[in-house]
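Asks: Right, I'll just put the structure down here and ask away after.
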Amino acid sequence: MASGGASVDRLHGSTDVRLERLKGRLFEIALVAATLVGIVSLVVLFGYIAFDTFQPLTASIQWYLIYIGTLVTPTAAFTLYARRHPPIREANAKAFAVIGGALLVSLVTYIVADALDPYDVLLYVLFGAIPPAVIGAYARRSPDRTYTGPAVVVSTLVGIALAAGLYGVLRPIVGIIAQWVAYVGIVTLPVGAIVAQSVSRRWSLRRAALAVALVLVGTLAVAVGALVAGIEPSLPVVLFSGAVVPIGYVVGDTVANEPEGRIGVLGPFVLIGSVALGAFIERSVGVQGPESYLTPSLLLNSWHGRNAFEAGIYPQLVGSIVIVGFMSLLAFPVAIGAAVYLEEYVSDSGWRGRLATLLEVNISNLAGVPSVVYGLLGLALFRNTLGFGTGVVIAAAGTLGFLILPIVIVSAQEALRSVPDSLRQAAYGMGASRWQTLRTVVIPEAFPGILTGTILALARAIGETAPLVIIAVATTTYTSPDGLFSTAAALPLQIFAARSHPDPAFRHGIVPATAVVLLILMLMMNTTAILLRNRYDRDTHE
Amino acid sequence: MSEHERTQTQPSTVDAESTVGEDEQSTGARTVIEARDVSVYYGQEQALQDVDLEIPRRQVTAIIGPSGCGKSTFLRCINRMNDLVDAARVDGRLRFDGTDVYGPEVDPVALRRRVGMVFQHPNPFPKSIYDNVAYGLRIHGRTDELDERVERALQRAALFEEVSDQLEKSALALSGGQQQRLCIARCLAVDPEIILMDEPASALDPVATSKIEDLIESLAEEYTVIIVTHNMQQAARISDQTAVFLTGGELAEYDDTDTIFEDPDSQRVEDYITGKFG
Amino acid sequence: MSKRSTPTEGNGVPPAAGQSPATELQRSEFVVRKERLYGWLIASCAVLTILVTVGIIAALSGKAIVFWTEISPVTFFTGTEWSPIINNAYGVLPLVSGTLIVTLCSALIALPIGLAAAIYLSEYASERARSVLKPALEILAGVPTVIYGYMALVYITPLFQGVLPLSVQLVPPSIPLVPEFTLTVPALQTFNVLSASIVVGIMIIPMVSSISEDALRAVPDSLRQAGYGLGSTKFDVSTKIVVPAATSGIVASYVLAISRAIGETMAVTMAMGMSPQMPHFPNVLDNLAVSSQTITAAMVQIAGADSLGHGPTYEAMFALGLTLFCITLSMNMMAELIRRHFREVYE
């Protein structure tokens, strides 16, 4: 029983308590402010960059009005509508994913093959990919599969070695065919094989054959059409087989089989259509658009030292893609292998346990080594010891590979660790060996997590500059790299090199535009990784 | 009462039913698993003490006892799943059809293809129902007549009717009881000689449990079933022989199920059965 | 006890002639050998990581030792002039000073902000806020450092140049006995330490906030409940109970963030320029306004200028690298030791 007013006062609103509450609230506000200060500063700085890149103030009001009408309104309306219906949202997401992904993959394939020489690529693809594919298809029929694994690996290696060894003889032969035919070999055939696989699994072999025939005929038609129109057919062929076919397949499949959500596939088309409509109106009315520095010519031209509006970063773009591509081939298998060893092959006791501890301590130390030091390692290894030359693609790829090794190992380890042990017990109980358990249960289950980790590592690698400076990658090149030992170029290096260019059009125009390109690339990769992670998490929580 | 009495290692009823044509001299023909002085240590801790046991073929043998008395440990010795635990050490001799399971010429992977295991919590793979059942066959390299074998295994596990039209669906979409029957089907598909079951129904509801129990009884016609359970009534219902382990990893008594439950030799076993402890 | 599923494979004696492996307790020898080979391949991937470390140490020491036979280590570690190309001066102290000043200033920015963010995310923020803010903070660490350097040079420096120089009278002359004190913040040069420190500070906030937040979240809830039960406010519980309990983790995060700042290269190279100098003493703030050079920036400068591949300047780059490597390695190991101490306290 409270003794009257004094205690009630102590429970409720005495001045002390009010002061405490005020202090607590001020503290919380200070905390929020601190949390936001970094983010807000970054946003402001990004705003500066965007402003310098896109020059929004140079566009007229009419331009904005046009695009609000044609782009913003329909897209917003569609998005709001799609939000309310989950199946539509799913279909929409799927459509965006397949369109974005297919376009990206086919463009990257074209760019890389074009830089490296499509005939060389075709040669290695034919010799290196067809034997294992044949073996794989044969193995699917036969009951005894013990020899498949080694056979596939051996045949690939032998194929590549053969191609390299007989290069002098084979290359002129291959060089006879038209360039677009080479691309048919590089892109259309694999796409056709994948489509055939998918169709034969879901329906019948006959339909699969029909589908492949359609793909081939379509590609040929596109090529002929391009030739007639006087355009080099290579890019249209690649875009058709690499983008149109998969998009058509997935979109068509969704429209045919998902009555509830099929409207969702219109999403990307609405977006593209509205942009096109806006552009059409803009051109016909003759409205002043923004004098943005981020133009197609930036992406397609080579560097021009003096005229900002003709300067381009195409060699650097290709260079970054090629470097990061080779880096992946070198680093990811090793990193995943190391992670598998540390998680699956190692016990906690005995000399194996101590080795594992040593390895893990070593890896976490490597993760903290500054990137310049990796540059020195690359310099000493690739230039001094191996004599590969200065700033070449393979040196850059190797150096960056060393850099991201610890990162990928750690994230792959986490992905492997997240596979529940009960699955392993089930597999071992069934009489699976360790390798079989890994191959059939653990790695498939951990794969999305591993993929997420590798994509994030790619995003990190594409922005790394210091190691490339140390191994003396060139800062002004006019041609894309055309092989493993040619001089490399990279996007972030361009930013570094041109930062103090005397011409403000460069300093405040081209360089931020390059930065925006780099940021967009990283944004795409990070978004993909996050979407993958969310999708994977959702799947396992069912 | 003597604390360490060696109880008889062979149930008495088996003597009475001698099958025509069987070699009466070697009890080995009827015994599929023979354990002699089997002890298991996890580091310094002893989980099993000098277990002597002979498990007859094509019968259901139950292993009961309070928690932590080493029942699962003993089960996992049979298919060498204890190898998966770093600190485990197994002493003594465990023979499967006369061959020492821990001998140098035995590959545990091959062993587990003849001795199957069903776990307490159903653990189907995150694959389709078909792929789950076909899993063992595929990794053993026996992929002929896959469809027929999968269907047969599902029939045998009393699951086929319920899933025959959705074999492509994910196994994780099934109910708990169905998942456990799927795990049994997965186990049966590779035609093991022995099926080890580690408390297979303890995570299931009563209806699902009784389905599993019926299934176990029907399985005993073709397979040797060794089931660990903490549910004494379950052991009394479905098993032919029962082994009672007590705390510390000690085998207290091993006899026909009827004898154990109606007239056990050891006072401690009787106390356990009547619920005075454990 | 650990129950990792790691089977020891069987092996040894292959099946006797005439007996098929299928009914025996063995597998075919080819399969066993094949899988053992796979095991070795996978193990070698892991061992490769050790080779990387060995490679780094060898690469750095090789040339560094050559350098120190040409230029005495004493001169290197105590010299106050760094001018390798023009003057053949190889004293590392100006570079160390530059690195220290940048690290100190960026730490002044990042450590309090990072800790505050960590406290907010761990103790105050709702799940929704956390799910948005935590990734947002991670973005700060994900931006390429060249872009940070560019932003510092082209946006932050001009911004400050508009405001500075600045004179603030802290103690006006009218107060008797206390000498007059005017705080003068000097005008910024184009390349200056302040802008560089700011971006490096922003860049390392996520390191502090992420690791500190993990440490704060790991504090058992029972401690908080005890505090609330005694009538403490959230402010009291957070600052007087939770933060002290997570001290080791927070300190570890500080050490790691500082190590990262020491190793930062591109942002400081672009924003700070290439004029290594010893610190100015009487007017401390001068140091922020002038151009300087860090160890890492010096390495980049040498790499950019030198195309010979040998000679003391080239080798100096490796000597600097070895110094840097040792500093960051020892800091990282210290952080790990601190973290381990923290882990033991709770188990």
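The values are calculated or read from the model by the stated rules, or taken from the named source; none is laboratory data. Quantities reported herein were computed from a predicted structural model and do not represent experimental measurements. Every residue, glycine as well, gets a Cβ built from its backbone with ideal geometry; the counts of neighbours run over all protein chains shown.
Asks: Can you tell me which of A:PHE309, A:PHE326, A:PHE280 is part of a helix (DSSP H, G or I), closer than 30 Å to A:PHE78 by Cα and of a type in the set (A, V, I, L, M, F, W, C)? Quick ask: steps written out before the conclusion?
Replies: Values: A:PHE309 fails: closer than 30 Å to A:PHE78 by Cα; A:PHE326 fails: closer than 30 Å to A:PHE78 by Cα.
None of the others qualify; the one that does is A:PHE280.
Asks: Turning to a different aspect of this structure: Restricting to region A:362-395, and then to whatever is assigned to a helix (DSSP H, G or I) and more than 8 Å from chain C (Cβ to nearest Cβ), can you tell me which residue is nearest to C:THR53 (Cα to Cα)?
Replies: Let us first name the residues in region A:362-395 that are assigned to a helix (DSSP H, G or I), namely A:362-367, A:371-385, A:393-395.
Adding the requirement that they be more than 8 Å from chain C (Cβ to nearest Cβ) leaves A:367, A:378, A:382, A:385, A:393-395.
Working: A:ALA367: 11, A:GLY378: 12, A:PHE382: 16, A:THR385: 16, A:VAL393: 23, A:ILE394: 20, A:ALA395: 18 Å.
Residue satisfying both the conditions and the ranking: A:ALA367.
Asks: Additional query: Please verify whether region A:411-434 includes one or more residues that are in contact with a Ser or Thr (Cβ under 9 Å, 6 or more places away or on another chain), in contact (Cβ under 8 Å) with a residue 24 or more places away in the chain and over 25 Å from C:GLU336 (Cα atoms).
Replies: There is at least one residue in region A:411-434 that is in contact with a Ser or Thr (Cβ under 9 Å, 6 or more places away or on another chain), in contact (Cβ under 8 Å) with a residue 24 or more places away in the chain and over 25 Å from C:GLU336 (Cα atoms).
Asks: Within 10 Å of chain C (Cβ to nearest Cβ) and under 20 Å from the mean Cα position of the chain (by Cα): is that true of A:GLY453 in this structure?
Replies: no
Asks: Residue by residue through region B:236-278, note down the ones that are touching an Asp or Glu at 6+ places or on another chain (Cβ under 9 Å), assigned to a helix (DSSP H, G or I), within 18 Å of B:LYS71 (Cβ to Cβ) and in contact (Cβ under 8 Å) with a residue 40 or more places away in the chain.
Replies: B:ILE238, B:THR257, B:ARG268
Asks: Okay, moving on. How many residues does region A:172-193 contain that are part of a helix (DSSP H, G or I) and loosely packed, with under 13 Cβ neighbours inside 10 Å? Before the answer, list the steps.
Replies: Taking region A:172-193 and keeping what is part of a helix (DSSP H, G or I), we get A:172-174, A:179-193.
Of the ones still in play, those that are also loosely packed, with under 13 Cβ neighbours inside 10 Å are A:172-173.
Residues meeting the conditions: 2.
Asks: Return the residue satisfying two criteria in turn: it lies in region A:470-513 and is of a type in the set (Ser, Thr, Tyr) and in a loop (DSSP other than H, G, I, E, B), and of such residues it is farthest from A:PHE309 (Cα to Cα). Please lay out each step first, then the result.
Replies: From region A:470-513, those of a type in the set (Ser, Thr, Tyr) are A:475-480, A:486-487, A:500; that's our starting set.
Filter once more, so that each one left must be in a loop (DSSP other than H, G, I, E, B): A:475-480, A:486, A:500.
Values: A:THR475: 19, A:THR476: 17, A:THR477: 17, A:TYR478: 16, A:THR479: 18, A:SER480: 20, A:SER486: 27, A:SER500: 17 Å.
By that ranking, first place goes to A:SER486.
Asks: Is one or more of the residues making up region A:266-279 more than 14 Å from chain C (Cβ to nearest Cβ), hydrophobic (A, V, I, L, M, F, W, C), over 26 Å from A:ILE450 (Cα atoms) and crowded, with 20+ Cβ neighbours inside 10 Å?
Replies: Pass one, region A:266-279, residues more than 14 Å from chain C (Cβ to nearest Cβ): A:266-279.
Applying the additional criterion that residues be hydrophobic (A, V, I, L, M, F, W, C) yields A:266, A:269-272, A:275-277, A:279.
Filter once more, keeping what is over 26 Å from A:ILE450 (Cα atoms): A:266, A:269-272, A:275-277, A:279.
Those left that are additionally crowded, with 20+ Cβ neighbours inside 10 Å: none.
Within region A:266-279 (the criterion being more than 14 Å from chain C (Cβ to nearest Cβ), hydrophobic (A, V, I, L, M, F, W, C), over 26 Å from A:ILE450 (Cα atoms) and crowded, with 20+ Cβ neighbours inside 10 Å), the answer is no, since none of the residues qualifies.
Asks: Every residue in region A:195-219 that is among the aliphatic types (A, V, I, L, M) and surrounded by 13 or more Cβ atoms within 10 Å (Cβ to Cβ), please. Full working, then the answer.
Replies: Kept after step one, since they are among the aliphatic types (A, V, I, L, M), are these residues of region A:195-219: A:195-196, A:199, A:205, A:208-217.
The answer is A:VAL195, A:ALA196, A:VAL199, A:ALA208, A:ALA209, A:LEU210, A:ALA211, A:VAL212, A:LEU214, A:VAL215, A:LEU216.
Asks: Of all residues in region A:353-395, count the ones that are of a type in the set (Ser, Thr, Tyr) and in contact with a Ser or Thr (Cβ under 7 Å, 6 or more places away or on another chain). Spell out how you get there, then give the answer.
Replies: Taking region A:353-395 first, the residues of a type in the set (Ser, Thr, Tyr) are A:357, A:364, A:371, A:374, A:385, A:390.
Keeping just the survivors that are in contact with a Ser or Thr (Cβ under 7 Å, 6 or more places away or on another chain) gives A:371, A:374.
Qualifying residue count for the region: 2.
Asks: Can you give me the number of residues within region B:69-107 that are under 17 Å from the mean Cα position of the chain (by Cα) and not hydrophobic (A, V, I, L, M, F, W, C)?
Replies: Going through region B:69-107, the residues under 17 Å from the mean Cα position of the chain (by Cα) turn out to be B:69-82, B:94-97, B:101.
Checking the rest, the ones that are also not hydrophobic (A, V, I, L, M, F, W, C) come to B:70-73, B:76, B:79-80, B:82, B:95, B:97.
Total meeting the criteria: 10.
Asks: Checking the conditions here, which among A:ALA474, A:ALA489 is under 28 Å from C:MET151 (Cβ atoms) and out of contact with any strand residue (DSSP E or B) (no Cβ under 9 Å at 6 or more places or on another chain)?
Replies: On the way: A:ALA474 fails: out of contact with any strand residue (DSSP E or B) (no Cβ under 9 Å at 6 or more places or on another chain).
Going through A:ALA474, A:ALA489 in turn, the sole match is A:ALA489.
Asks: Consider A:GLY337 against the criteria (1) in contact with a helix residue (DSSP H, G or I) (Cβ under 6 Å, 6 or more places away or on another chain); (2) touching a residue at least 24 places away in the same chain (Cβ under 8 Å); (3) not in a loop (DSSP other than H, G, I, E, B): it satisfies all of them except one. Which criterion is unmet?
Replies: That leaves (2) as the condition not met.
Asks: Which of (1) facing chain C (nearest Cβ under 10 Å); (2) surrounded by 24 or more Cβ atoms within 10 Å (Cβ to Cβ) is the odd one out, the single condition A:ASP421 does not satisfy?
Replies: Against the list (1) facing chain C (nearest Cβ under 10 Å); (2) surrounded by 24 or more Cβ atoms within 10 Å (Cβ to Cβ), A:ASP421 comes up short only on (2).
Rundown of residues vs (1) under 28 Å from A:ALA498 (Cα atoms); (2) more than 13 Å from chain A (Cβ to nearest Cβ), yes/no style:
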| residue | (1), (2) |
| --- | --- |
| C:THR80 | no, yes |
| C:ALA89 | no, yes |
| C:SER106 | yes, no |
| C:ALA117 | no, no |
| C:SER126 | no, no |
| C:LEU137 | no, no |
| C:LEU140 | yes, no |
| C:ILE147 | yes, no |
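Asks: Working only within region C:269-281, note down all residues that are surrounded by 24 or more Cβ atoms within 10 Å (Cβ to Cβ) and not hydrophobic (A, V, I, L, M, F, W, C).
Replies: Of everything in region C:269-281, those that are surrounded by 24 or more Cβ atoms within 10 Å (Cβ to Cβ) and not hydrophobic (A, V, I, L, M, F, W, C) turn out to be C:THR269, C:PRO276.
Asks: A further question follows. Would you check if C:VAL185 is crowded, with 18+ Cβ neighbours inside 10 Å, β-branched (Val, Ile, Thr), in contact with a helix residue (DSSP H, G or I) (Cβ under 6 Å, 6 or more places away or on another chain) and at pLDDT below 90?
Replies: Values: crowded, with 18+ Cβ neighbours inside 10 Å: yes; β-branched (Val, Ile, Thr): yes; in contact with a helix residue (DSSP H, G or I) (Cβ under 6 Å, 6 or more places away or on another chain): no; at pLDDT below 90: yes.
When the stated conditions are applied, C:VAL185 does not pass them.
Asks: To continue, here is another question. Going through B:ARG181, B:ARG156, B:ARG149, B:ARG138 one at a time, which residue ends up being touching a residue at least 12 places away in the same chain (Cβ under 8 Å), closer than 23 Å to A:GLN436 by Cα and not hydrophobic (A, V, I, L, M, F, W, C)? Talk me through it step by step, then tell me what you get.
Replies: Details: B:ARG181 fails: closer than 23 Å to A:GLN436 by Cα; B:ARG156 fails: closer than 23 Å to A:GLN436 by Cα; B:ARG138 fails: touching a residue at least 12 places away in the same chain (Cβ under 8 Å).
Just one listed residue meets the conditions, B:ARG149.
Asks: Within the group C:VAL102, C:VAL178, which residue is in a loop (DSSP other than H, G, I, E, B) and either in contact with a strand residue (DSSP E or B) (Cβ under 8 Å, 6 or more places away or on another chain) or modelled with pLDDT of 90 or more (or both)? First the steps, then the outcome.
Replies: Values: C:VAL102 fails: in a loop (DSSP other than H, G, I, E, B).
Testing whether each residue is in a loop (DSSP other than H, G, I, E, B) and either in contact with a strand residue (DSSP E or B) (Cβ under 8 Å, 6 or more places away or on another chain) or modelled with pLDDT of 90 or more (or both) leaves just C:VAL178.
Asks: Would you point out the residue of region B:184-217, among those that are on the phi < 0 side of the Ramachandran plot and without any contact (Cβ under 8 Å) to a residue 24 or more places away in the chain, that is nearest to the chain's Cα centre (by Cα)?
Replies: If we filter region B:184-217 for residues that are on the phi < 0 side of the Ramachandran plot, which is where we start, we get B:184-190, B:192-198, B:200-217.
Those left that are additionally without any contact (Cβ under 8 Å) to a residue 24 or more places away in the chain: B:206, B:210.
Working: B:PRO206: 20, B:SER210: 17 Å.
The residue in question is B:SER210.
Asks: Restricting region C:282-325 to residues that are assigned to a helix (DSSP H, G or I) and among the polar types (S, T, N, Q), which is surrounded by the most Cβ atoms within 10 Å (Cβ to Cβ)? Working first, answer last.
Replies: To start, the set of residues in region C:282-325 that are assigned to a helix (DSSP H, G or I) comprises C:286-289, C:295-305, C:312-325.
From what's left, among the polar types (S, T, N, Q): C:287, C:296, C:301, C:313, C:323.
Numbers: C:ASN287: 24, C:THR296: 28, C:GLN301: 20, C:THR313: 17, C:THR323: 18.
Only one residue fits best here, namely C:THR296.
Asks: In region A:321-352, which residues are touching a Ser or Thr at 6+ places or on another chain (Cβ under 6 Å) and surrounded by fewer than 20 Cβ atoms within 10 Å (Cβ to Cβ)?
Replies: Scanning region A:321-352 gives A:SER347, A:ASP348.
Asks: Test of understanding: among C:LEU153, C:LEU140, which residue is buried (at least 18 other Cβ atoms within 10 Å of the Cβ) and closer than 30 Å to C:LYS234 by Cα? Show your work before the answer.
Replies: Working: C:LEU153 fails: closer than 30 Å to C:LYS234 by Cα.
Matching residue, one of C:LEU153, C:LEU140: C:LEU140.
Asks: Another question about this same structure. Any idea which of (1) closer than 30 Å to A:VAL244 by Cβ; (2) touching a residue at least 40 places away in the same chain (Cβ under 8 Å) is the one A:LEU210 doesn't satisfy?
Replies: (2)
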